[in-house]
Structure formats: structure tokens, C-alpha cells
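Worksheet: the structure to be examined is printed underneath.
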Amino acid sequence: MKKVRVTHKRNKSAFVITSLVTLFICMMFTKGFTKFEHTGNNVFRIYVNDHYVGIIENGENAEHLLIEARRCVAQEKNTLLFMNGELRVEGEEMIYGTVDDEETVQLAMQEVLRGTIKETIQKSCTVKIEDYMVNLNNLDEAQKLLQAAIDKYDSTGSFVVELEYGDNHNLKVICPQVIKTDSDEEPVEEEDRFLPVEGFAAYLENLGLNGNVEQEEIALEDYETGVLSMRFIEDVEISEGYLPKTQVTDLQEAIDYVTKEQETPGEYTVKAGDTLSGISLAVNIPMQTLVELNSGVLESVNSTIRIGQILTITVPEPEINIERIERVYIEEIYDEPVIYIDNDEWYTTQSQVIQQPSSGFRRAVMDIRYVNDKEKEKTTLAEEILIEAVPKIVERGTKVPPTYIKPLDGGRISSYFGYRKSPGGIGSTYHQGIDWATPTGTPVYASSGGTVIYSGWASGYGYCVTIQHPDGRQTRYAHNSRLACTVGQYVNQGQVIAYSGSTGNSTGPHVHFEIIINGVRVNPFDYLG
């Protein structure tokens, strides 16, 4: 019995050893197992977006597998997609073990990529109008957008927008053109379009014809009228591409934005004769808004403006501007332009009418150039004068008149020009100057250069100075504590002529300042620079 048990144990041990050897040999020769060799990294673990997707023998194939996975996912959606696929390959040396089939790894990559799809991108087009750009779904919408801009000024529907590729076809840039659809004119051959440089008469002589040919005059009624041409003022380009749907603008929204008038900054240069109220009417902006837009140079609606001063205004303009030429037949009362005769001895504030105007009456055919709805230029093609107009002739001065400055530094306005309550019961209820409250002894300056015609006591004015200026105006400075000029003295602008006080009819130290034109006291704020 003992001998039998020993044999059993020996057979069991031999069976185990044989099984292990057989298993090892199978592992070495079975597909998917790698035998151990000291060759460095022999298998590679693949990660996409830090997600493990498998292990392969050749790490160089990983990038190709990811590209193929992207292609397969994109084909499923039949469009272009945004997918985030960050690849990581980690090599290691394996003694033995299994590797994954590359097809299995690619399928795992697809699953990871599907989870990263954010949005699709689609074929679209971009309309570029100078610096402004808008993205639309297709070329048809781009054409409709530009057509809407044209239709706003074409009530007859005679003009259409056609899309044509530009000269450089490699860039696939489309340049829209505005075409008139109702033109019945036959195309002119290129060689017949221009006459020789010698002129029409020489051309006829070369043909053996008499060069003295009278051209038949076209009657006004025979001119064809209507809109002759339309075009985009800005450079407009269209390009095709692919964009996310979220970046594509709705067509109607794009039309509303491109064709409506936008508020864009503009400037206005003050001319001779301008007033703030006049400018307000001309640019259609309330005076208070003008003051707010120009707070650096205008304090209030009563502020004085100067020739050459530049004011900021807002000019409403659409993103795309349309120029059109319209031919019209008119019968109108007309005036000749004013004829000016310059007088270098007069100031620009002086003028005299030498000849009064008289309106005339005419029939005419004109080409009028518009930008959007604004008339920019008129060209008369033919006219018949029935009653000739007489021009207005004006002699005007060219010398720039002297400027006027505030007669003191600082101070607080204590009384404006015009009606007021009588201060202390001793002042006028209609104030004919401007008062600045200021401590006694404050220097008082000549508002403009001129000759002192009064310097002394003047009853209710107290100690007073009056200056005669070269433009015929006078300035007066009253209630001074003491004077610093004499009659007949010429003083320069800004020169000290007195010191403030409270003499005469006064309730406290201040500077009373007047500007007098033709014997009439005017509001100094209309003239101070």
C-alpha cells in the first residue's frame, strides 16, 4: 500500500509539470501573446482624452487609427463636426500578455469621440462690406441681403444683384454687381465705341465726308428719364466656407441691420454766420444733445461758437450705402447763385447788398446723384430758360473781427443778461450785462483790444471803463474799486484796465460786463470766445 501511494504522488507531480510546460508553449505560439525579449517598449497603451481605449503592438499606428475614427464618426452625421480628440501613447515592455485588435481600438476611439461632439459646422458664406462682416447660410441668402439694400431705393424693381466671381478665381471670392434689367440698348462693338483722337470732324473727312456736320439737338421731352444706374459705394465681397450654425445670422436680422441707419460719429466745422441753433436744425440734432456731445467746448446752449471750431455730431448711416443716378425732367422757379464781392477793408461781420435778386423760370433735364436718400450733386444736361434769373450781389468783408474773452479769472455768475428780480431794490429788472461775483481787487482785463473812451465815475456804474474796438463794438466794465487806464489809451486784449469792487449801485463786490453793438447792449455770452 505504501508503494502505491508514492507512485501516485510522483505521477501527480509529473502531470502538473507537464501541464505548465504545455501551457507556456501554447502561450508563446498563440496569436495575441508576446514572448519576452529585452527589446524595450514592445506594447503601447492608447488613450484618447485620457480615456483608455486599448493596447497595440505598434504605437506609430495610433494616430492613423484616430484619424480613421474621426472619419467614421463624421460619416455618421454626414456633415462636419467639432470633435475633441487628444491622443496619448504610453509604451511599456511586456514579458507576455494579450494585445487588442486595432479594429477594436478604433471602435473604442469612436465612442470617445462621439462623447465630445459639440456642434456641427455647415457650408455657409460670409458677406464682407468694408470692415463689417455677416455670415449667412448660402449664396442665395447673400444675394437676397444685397438685393434688399438695392430695393430700398429702387421702387420700380429695375435693378438686380448678380453674383460673379472676381478676377482671381483661386480665392473663390464673389464680387456682386448691380445690373439694370430693363435695358433695351444693343451692345456696342469695342472697335466702334470710340472715335479717332483727331475728333469727329477729322474722322468724317478721312471718310471723304464734309466735316461741317451739325448735330441734331435733342428736345427736352425726348430725354429718357428715370434711374440710370445704381451701385454699392463700399467694396462688397462674398466668400464661401464652413461655419458653426451658431455663427450664422438669420437673413431678416441681417437685412434689418445692414439697411437701417446706424449712428456713426461725425464732425461739423463751424462756418461764418453759423449759430448753435442753426447747426442743430441743419444736422437734425437737439441743441442740448449737441452740448452733451461737445461738453469739452460747450458749457450750455448759450455757449459761443467760433469760425473753424469742430463740433462732434452723430451722422446716421447704414452699413451699406447705395449710389444712384436719376435723370429727371423739371419745370421750376430757380435762383442764380449769390455773387460775392470781397472787401479787404471790412470785417467779416460787415456786408452790403448791391443788387437784389430776382427768381427765374426754366425747364431742364438733370442728372441727380444720390447717396441713399441724400442728394449730393446735380448736373444739367439741357435747359430752356423762360424767365432769366437775376443774381444777388453782396459786398462782404474779409477781415476777421477781433475776439472777445471773459474779463476776469474765476468768479461766479451772480446775474445773467435779461429779465431778473431787482437785487436789493436798487438794480434794474432788465439786466443789460453779465455779473461775476468776485472778491474786491480782482484784476479786470480788456475783453478785446481797443481804445479807452471812458475811464472814471459813472453814477450807478460806479468806477467804470468803456473801450471802443476796431469792429465798431464797445465793451463796458463797471463797479470797479479802482481804475488802471486813461481815456485815449490803447489797450491790448487781456491787459489789466481796472480792479473789481462794489462802487455805484451794487450789493456786493463783482464785475459788471457789457458788449454794445450799434448802441444796443447784447448778451455777452453770444460773443465771448
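With respect to the numbered conditions (1) without any contact (Cβ under 8 Å) to a residue 60 or more places away in the chain; (2) open to solvent by less than 30 Å² (accessible area, probe 1.4 Å); (3) within 22 Å of G529 (Cα to Cα), which one is the sole condition not fulfilled by C485?
Among (1) without any contact (Cβ under 8 Å) to a residue 60 or more places away in the chain; (2) open to solvent by less than 30 Å² (accessible area, probe 1.4 Å); (3) within 22 Å of G529 (Cα to Cα), C485 violates only (3).
Within region 408-420, does at least one residue satisfy the condition of being open to solvent by less than 50 Å² (accessible area, probe 1.4 Å) and under 30 Å from D344 (Cβ atoms)?
Scanning region 408-420, I find no residue that is open to solvent by less than 50 Å² (accessible area, probe 1.4 Å) and under 30 Å from D344 (Cβ atoms), so the answer is no.
Looking at region 385-404 only, could you name the residues that are open to solvent by 60 Å² or more (accessible area, probe 1.4 Å) and of a type in the set (S, T, N, Q)?
Passing the criteria: only T403.
Scan region 156-164 and give yes if some residue there is more than 22 Å from L243 (Cα to Cα), buried (at least 19 other Cβ atoms within 10 Å of the Cβ) and free of Cβ contacts under 8 Å to residues at least 60 places away in the same chain, otherwise no.
Within region 156-164, one or more residues are more than 22 Å from L243 (Cα to Cα), buried (at least 19 other Cβ atoms within 10 Å of the Cβ) and free of Cβ contacts under 8 Å to residues at least 60 places away in the same chain.
Would you point out the residue of region 252-287, among those that are within 30 Å of A142 (Cβ to Cβ) and of a type in the set (S, T, N, Q), that is surrounded by the most Cβ atoms within 10 Å (Cβ to Cβ)?
T259
Is there any pair linking a residue in region 364-380 that is touching a residue at least 12 places away in the same chain (Cβ under 8 Å) to one that is in a strand (DSSP E or B) and among the aromatic types (F, W, Y), with Cβ under 6 Å and at least six apart or on different chains, and which?
If the second residue must be in a strand (DSSP E or B) and among the aromatic types (F, W, Y), the pairs left are V365/Y329.
Which one is nearest to H510 (Cα to Cα) among residues in region 472-482 that are open to solvent by 30 Å² or more (accessible area, probe 1.4 Å) and within 55 Å of the chain's Cα centre (by Cα)? Break it down into steps so the answer makes sense when it comes.
Going through region 472-482, the residues open to solvent by 30 Å² or more (accessible area, probe 1.4 Å) turn out to be 472-474, 476, 481-482.
Remaining after also requiring within 55 Å of the chain's Cα centre (by Cα): 472-474, 476.
Values: G472: 27, R473: 23, Q474: 20, R476: 14 Å.
Selected residue: R476.
Enumerate the strands (runs of 3 or more DSSP E) found wholly within region 403-508, keeping only those where 3 or more residues are not hydroxyl-bearing (S, T, Y).
Values: elements: 412-415, 434-437, 443-445, 450-457, 463-468, 474-483, 496-500.
By residue number, 434-437, 450-457, 463-468, 474-483, 496-500.
Among T314, T275, T225, T246, which is the only one that is touching a helix residue (DSSP H, G or I) at 6+ places or on another chain (Cβ under 8 Å) and touching a residue at least 12 places away in the same chain (Cβ under 8 Å)? Lay out the reasoning, then the answer.
Working: T275 fails: touching a helix residue (DSSP H, G or I) at 6+ places or on another chain (Cβ under 8 Å); T225 fails: touching a helix residue (DSSP H, G or I) at 6+ places or on another chain (Cβ under 8 Å); T246 fails: touching a helix residue (DSSP H, G or I) at 6+ places or on another chain (Cβ under 8 Å).
One residue alone meets the criteria, T314.
Restricting to region 488-504, name every residue that is within 21 Å of F417 (Cα to Cα) and either without any contact (Cβ under 8 Å) to a residue 60 or more places away in the chain or surrounded by fewer than 18 Cβ atoms within 10 Å (Cβ to Cβ) (or both). Outline the logic, then answer.
Taking region 488-504 and keeping what is within 21 Å of F417 (Cα to Cα), we get 500-504.
Correct list: S502, T503, G504.
Determine whether region 240-251 contains at least one residue that is open to solvent by less than 70 Å² (accessible area, probe 1.4 Å), more than 30 Å from M83 (Cβ to Cβ) and either modelled with pLDDT of 85 or more or part of a loop (DSSP other than H, G, I, E, B) (or both).
Of the residues in region 240-251, the ones open to solvent by less than 70 Å² (accessible area, probe 1.4 Å) are 241, 243-244, 248-249, 251.
Subset that is more than 30 Å from M83 (Cβ to Cβ): none.
No, because not a single residue in region 240-251 is open to solvent by less than 70 Å² (accessible area, probe 1.4 Å), more than 30 Å from M83 (Cβ to Cβ) and either modelled with pLDDT of 85 or more or part of a loop (DSSP other than H, G, I, E, B) (or both).
Could you say whether any residue in region 288-308 is in contact with a strand residue (DSSP E or B) (Cβ under 7 Å, 6 or more places away or on another chain), within 28 Å of G397 (Cα to Cα) and surrounded by fewer than 18 Cβ atoms within 10 Å (Cβ to Cβ)?
Within region 288-308, the first condition is being in contact with a strand residue (DSSP E or B) (Cβ under 7 Å, 6 or more places away or on another chain), and the residues that meet it are 290, 293-294, 304, 308.
Filter once more, so that each one left must be within 28 Å of G397 (Cα to Cα): 304, 308.
Remaining after also requiring surrounded by fewer than 18 Cβ atoms within 10 Å (Cβ to Cβ): 308.
Yes, there is a match, as at least one residue in region 288-308 is in contact with a strand residue (DSSP E or B) (Cβ under 7 Å, 6 or more places away or on another chain), within 28 Å of G397 (Cα to Cα) and surrounded by fewer than 18 Cβ atoms within 10 Å (Cβ to Cβ).
Go through region 432-449 residue by residue and tally those that are open to solvent by 20 Å² or more (accessible area, probe 1.4 Å) and either in contact with a Cys (Cβ under 8 Å, 6 or more places away or on another chain) or of a type in the set (D, E, K, R) (or both). Steps first, answer last, please.
Here is the first cut: in region 432-449, the ones open to solvent by 20 Å² or more (accessible area, probe 1.4 Å) are 432, 437, 439-443, 445.
From the residues that got through so far, the ones that are either in contact with a Cys (Cβ under 8 Å, 6 or more places away or on another chain) or of a type in the set (D, E, K, R) (or both) too are none.
Number satisfying all stated conditions: 0.
When residues of region 454-465 are filtered for being closer than 14 Å to I515 by Cα and surrounded by fewer than 22 Cβ atoms within 10 Å (Cβ to Cβ), how many remain?
0
Could you list, in sequence order, all residues of region 328-380 that are in a loop (DSSP other than H, G, I, E, B) and farther than 30 Å from T259 by Cα? Working first, answer last.
Filtering region 328-380 for residues in a loop (DSSP other than H, G, I, E, B) gives 335-338, 348-350, 356-357, 359, 372-373.
Across region 328-380, the qualifying residues are D335, E336, P337, V338, T348, T349, Q350, Q356, P357, S359.
The values are calculated or read from the model by the stated rules, or taken from the named source; none is laboratory data. In this text the structure is predicted, and so the values were computed from the model without any measurement. Reconstructed Cβ throughout: ideal geometry from the backbone, glycine too, with neighbour counts over all protein chains shown. Areas reflect the complete protein model, heavy atoms only, side chains present, ligands, DNA and RNA absent. Shrake-Rupley method; radii C 1.70, N 1.55, O 1.52, S 1.80 Å.
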